[in-house]
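*Asks:* Could you have a look at this structure, given as structure tokens, before my questions?
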2 protein chains.
Amino acid sequence: MVTINDIAKQAGVAKSTVSRYLNGGAVSEKTKAKLDAIVARNDYTPNKFAQSLKAKRTHMVGAIIPRLNSYATNEALKGLENSLRLSKNQLLITNADQNREREIEAIYTLAKQKVDGIVLFAAEITPEHEKAFEESATPVVIVGQSHPNYHCVIHDDEKAGYSVGAYAVANGHRNILVFGVDEADQAVGITRRKGIEKAFVGKDITYTFVKTSFSMMDAYKLALEVLPETKATFIIGATDNIAIGIMRAAHELQMDIPNRLSLAGFGGYEITEAVHPRITTVHFPFHEAGILAADILLQLIEGKEMPYVEKLDNHLMIRESTQAIK
Amino acid sequence: MVTINDIAKQAGVAKSTVSRYLNGGAVSEKTKAKLDAIVARNDYTPNKFAQSLKAKRTHMVGAIIPRLNSYATNEALKGLENSLRLSKNQLLITNADQNREREIEAIYTLAKQKVDGIVLFAAEITPEHEKAFEESATPVVIVGQSHPNYHCVIHDDEKAGYSVGAYAVANGHRNILVFGVDEADQAVGITRRKGIEKAFVGKDITYTFVKTSFSMMDAYKLALEVLPETKATFIIGATDNIAIGIMRAAHELQMDIPNRLSLAGFGGYEITEAVHPRITTVHFPFHEAGILAADILLQLIEGKEMPYVEKLDNHLMIRESTQAIK
DNA sequence: TTGTATGCGTTATCAG
DNA sequence: CTGATAACGCATACAA
């Protein structure tokens, strides 16, 4: 490995001069030219670890994601990585695989790696999370959930829920079935649901709520039980994945979508456009969420003050899986 | 930040003793007990950078992936990360976003970060790749493509192709349409196709090949053009994504699957089981590929010799999207 | 503008 | 079994 010392020797100067040259300090034109050549010839690059040891700045930021194959986090990750790359930072992705302990562990691991900041794609913020953040003393941005003590990038889940609920009502549906998730997930389990229900207030709607998980397969199985008995004409899945699980069950049960049943989801995943019929859904700006998270984190790392909550907009996309009651 | 020096002072020993204690060297029971307490109390952890500076070993390995939302790479990544975590290594994921330049750039970036090794999920290995690997002098494992100069974990694509081709033939299909991809992707574009075609040799098959990309949308658009005219009774998509694109087009064109058209794909993606009808496909052990890649890389880092090619098996999963000719 | 000296936190060597 | 010391590669205060 070629070090700053090798360069200094070849150039016949002190290594401190080379260091200055590298970091934009005062160097004479002549030595600068000489160093230009020598550095290029050896294609020398400074040792990041030696630098970090001094500078206390690693130019690495960690991301903790709940699982790898989520359209939402993947899109956000893309935005995040891109912004980070432009500002010469490296993204370190850790997959917690839906496991809370691994999520906490990841915070500590990343802190040990001395990342400059952490982006957490969260379902839930527990006291253990807070403790871990406390101890690691690292700037944090949370994506997808809101929390009073941390900087958050969130989606307007209440609006999203309301859009779908109001759309169903406006199209004459009076019996509506919702496949939701546990309240542990604040954004989806509580806020989004609240938005949906708000649309029903004072409207004489028969409304049923059943609880499932984020898994396509679980939604499918539950739908297989629930659908045959339902009188509902409009079904809302709390995510597009859930909607797809429901759709599969409906197909197998020969319940035509949208004639027998309207179906809507949330997310705007690519796959909702590839199935038949295409699924009505709410499009969330996941990519922008990633970019925004990078922005905020970078500012935080610089020591700047930032607003605690950034709420992103979303909009309903009406497609063939839903129709008005005749 | 609490350092080895602080610990040493508190314990009234030399820091070298603490270091030995930390790294399993010879320490008396008494000082060991004392250090146990002090280290715990301060919850001291060694500074990774100072360690890396000495050890020339960062315990980080880099993964370069072509894109984030690929079922295949996500599964492999999961296996990879898990194995790495068990051996106390950190995974650094870099998304090249289908861009060859960014792929090359990533190799250099990771090398600068001094990762101990690199796992490349590749579509194609160009001379630039080779050059980058050469210069970075880092152990490399390539997943999904084979190359004579590097350690590779590959799938038996020829067998996979043959399975599907032979299945179609055995079920009486005589006119077969294949949606393939460019030959730049050796594994899918050449080997897999070769396997398919091998099954047709000497069988009096009318065989048509059309070329598309890996994108679901592209396959859909192409299918919309090609399907109306085709006399084929069996369609093979080179990946499950392509198959899904074809399926959407078939739905829109009111061509019933499987009665009018049998449809098969490759991969075993979860989504093939969630659509209706479920798609016949070849299941590849992506997760195992990741685990195996981690294994090999770790050995390589230790300086051990390893076989250059590991080929993984796969098997056909027959589902409702295909049926025999009546 | 340049060079010298020192420290960052750790591990390894070697003498005690 | 322990401690002093050098070394890893770099940045910087200070002197020249």
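*Asks:* Need the C-alpha centroid separation for segment B:1-69 versus segment B:182-253, integer Å.
*Replies:* What the calculation gives is 56 Å, centre to centre.
*Asks:* Using alpha-carbon positions, what is the distance between the centroids of segment B:280-326 and segment A:81-146, in Å?
*Replies:* Measuring centre to centre over Cα atoms gives 31 Å.
*Asks:* Quick check: the angle from helix B:216-226's long axis to the longest principal axis of chain B, C-alpha only, nearest 10 degrees?
*Replies:* Tilt of helix B:216-226: around 10 degrees.
*Asks:* Another question, if that's okay. Compute the relative contact order of chain A as a whole-number percentage, counting only Cα pairs closer than 8 Å that sit 6 or more residues apart in sequence.
*Replies:* Relative CO of chain A lands at 17 percent.
*Asks:* Can you tell me what share of the DSSP beta bridges in segment B:157-284 is antiparallel? A percent to the nearest 5 is fine.
*Replies:* If I count the DSSP bridges inside segment B:157-284, around 0 percent turn out antiparallel.
*Asks:* Further question on the same structure: Mind pulling the angle between the C-alpha long axis of helix A:286-301 and the longest principal axis of chain A? Nearest 10 degrees, somewhere in 0 to 90.
*Replies:* Here the helix axis deviates by roughly 40 degrees.
*Asks:* Among the DSSP beta bridges whose two residues both lie in the protein assembly as shown, what percent are antiparallel, rounded to the nearest 5?
*Replies:* 5
*Asks:* Calculate, for chain A, the solvent-accessible area per residue in square angstrom, rolling a 1.4 angstrom probe over the heavy atoms of the protein chains.
*Replies:* 44
*Asks:* Would you be so kind as to list the residues of segment B:106-120 that have their accessible area lowered by at least 40 Å² in the full protein complex compared with their chain by itself (1.4 Å probe)?
*Replies:* Going by heavy-atom accessible area, the residues of segment B:106-120 that drop by at least 40 Å² are B:Lys112, B:Gln113, B:Lys114.
*Asks:* Mind telling me which of B:Gln299, B:Gln186, B:Gln145 comes out most flexible in a GNM of chain B, alpha-carbon contacts under 10 Å?
*Replies:* Looking only at B:Gln299, B:Gln186, B:Gln145, the largest GNM fluctuation is found for B:Gln299.
*Asks:* With angles folded into 0 to 90 degrees, how steeply does helix B:157-170 sit against the dominant principal axis of chain B? Use alpha carbons for both and round to 10.
*Replies:* Tilt relative to chain B: about 30 degrees.
*Asks:* Any idea which of B:Gly265, B:Ile125, B:Asn42 is furthest toward the positive side of the dipole for the protein assembly as shown, if Lys and Arg beta-carbons carry +1 and Asp and Glu beta-carbons -1?
*Replies:* Highest projection toward the positive end goes to B:Asn42.
*Asks:* Select from B:Leu253, B:Leu80, B:Leu22 the residue whose mean-square fluctuation is largest in a Gaussian network model of chain B (Cα-Cα springs shorter than 10 Å).
*Replies:* Looking only at B:Leu253, B:Leu80, B:Leu22, the largest GNM fluctuation is found for B:Leu22.
*Asks:* Multiply the residue gap between B:Glu183 and B:Asp256 by 0.36 nm, knock off their C-alpha separation, and tell me the result in nm, one decimal place.
*Replies:* Stretched out fully, the B:Glu183 to B:Asp256 stretch lengthens by 23.2 nm.
*Asks:* If B:Ser262, B:Ser146, A:Ser83 are ordered by their accessible area, calculated over protein heavy atoms with a 1.4 Å probe, which sequence runs from highest to lowest?
*Replies:* Descending order: B:Ser146, A:Ser83, B:Ser262.
*Asks:* Could you state how much accessible area is buried at the A-B interface, both sides summed, with a 1.4 Å probe, in Å² to the nearest 100?
*Replies:* 4700
*Asks:* Which length gain, in nm to one decimal place, applies between B:Lys30 and B:Lys131 when the Cα-Cα distance is subtracted from 0.36 nm times their residue separation?
*Replies:* Contour length minus Cα-Cα distance gives 31.0 nm.
*Asks:* Assuming a ≥ b ≥ c are the square roots of the Cα gyration tensor eigenvalues, decide whether segment A:159-299 counts as rounded (a/c under 1.5), prolate (otherwise, with a/b larger than b/c) or oblate.
*Replies:* Cα axes put segment A:159-299 in the prolate bin.
*Asks:* Taking the label point as lying 7 angstrom from Cα along the Cα-to-Cβ axis, what are the distances from B:Val210 to the corresponding position in the remaining copies, in ascending order and in nanometres?
*Replies:* 3.9
*Asks:* Considering only the label points, 7 Å along Cα→Cβ from Cα, what distances in nm to one decimal separate B:Leu22 from the same position in each other copy, shortest first?
*Replies:* Result, one decimal in nm: 2.4.
*Asks:* Give, ordered by residue number, each residue of segment B:247-267 whose 1.4 Å probe accessible area is reduced by a minimum of 30 Å² on adding the remaining protein chains to the chain alone.
*Replies:* B:Arg248, B:His251
*Asks:* Using a label position 7 Å from Cα in the Cα→Cβ direction, what is the ascending list of nm distances from A:Glu229 to the same site in the other copies?
*Replies:* 5.3
*Asks:* Running a GNM on chain B with Cα contacts under 10 Å, which residue among B:Ile38, B:Ile244, B:Ile236 ends up with the highest mean-square fluctuation?
*Replies:* Fluctuation is largest for B:Ile38.
*Asks:* Beyond 30 Å between alpha-carbons counts as too far, so tell me which of A:Lys114/A:Lys211; A:Lys32/A:Lys88; B:Lys88/B:Lys159; A:Lys78/B:Lys211 fall in that bin.
*Replies:* Too far apart for the 30 Å limit: A:Lys114/A:Lys211; B:Lys88/B:Lys159.
*Asks:* Just to verify a number: FRET efficiency for A:Leu312 and A:Asn99, C-beta to C-beta distance, R0 = 25 Å, to 0.05?
*Replies:* Efficiency computed from Cβ-Cβ geometry: 0.35.
*Asks:* Please report the antiparallel percentage of DSSP beta bridges with both residues in chain A, rounded to the nearest 5.
*Replies:* Given both bridge residues lie in chain A, the antiparallel proportion sits at roughly 5 percent.
*Asks:* Amide H of B:Phe209 versus every other amide H placed in the peptide plane: which residues, excluding those fewer than 5 positions away on the same chain, fall under 5 Å?
*Replies:* For B:Phe209, whose amide H was placed from the backbone, the distant partners under 5 Å are B:Val178.
*Asks:* While we're here: How would B:Lys203, B:Lys54 line up by accessible area, probe 1.4 Å, largest first?
*Replies:* B:Lys54, B:Lys203
*Asks:* When the accessible area of the protein assembly as shown is split by element with a 1.4 Å probe, what percent falls to carbon and sulfur?
*Replies:* Accessible surface attributable to carbon and sulfur in the protein assembly as shown totals 50 percent.
The values are calculated or read from the model by the stated rules, or taken from the named source; none is laboratory data. Keep in mind it's a predicted model, so treat the numbers as computed, not measured. Neighbour counts run over all protein chains shown; Cβ positions are idealised from the backbone, glycine included. The protein model used for the area step is the full one, side chains on, heavy atoms only, and it has no ligands, DNA or RNA in it. Shrake-Rupley method; radii C 1.70, N 1.55, O 1.52, S 1.80 Å.
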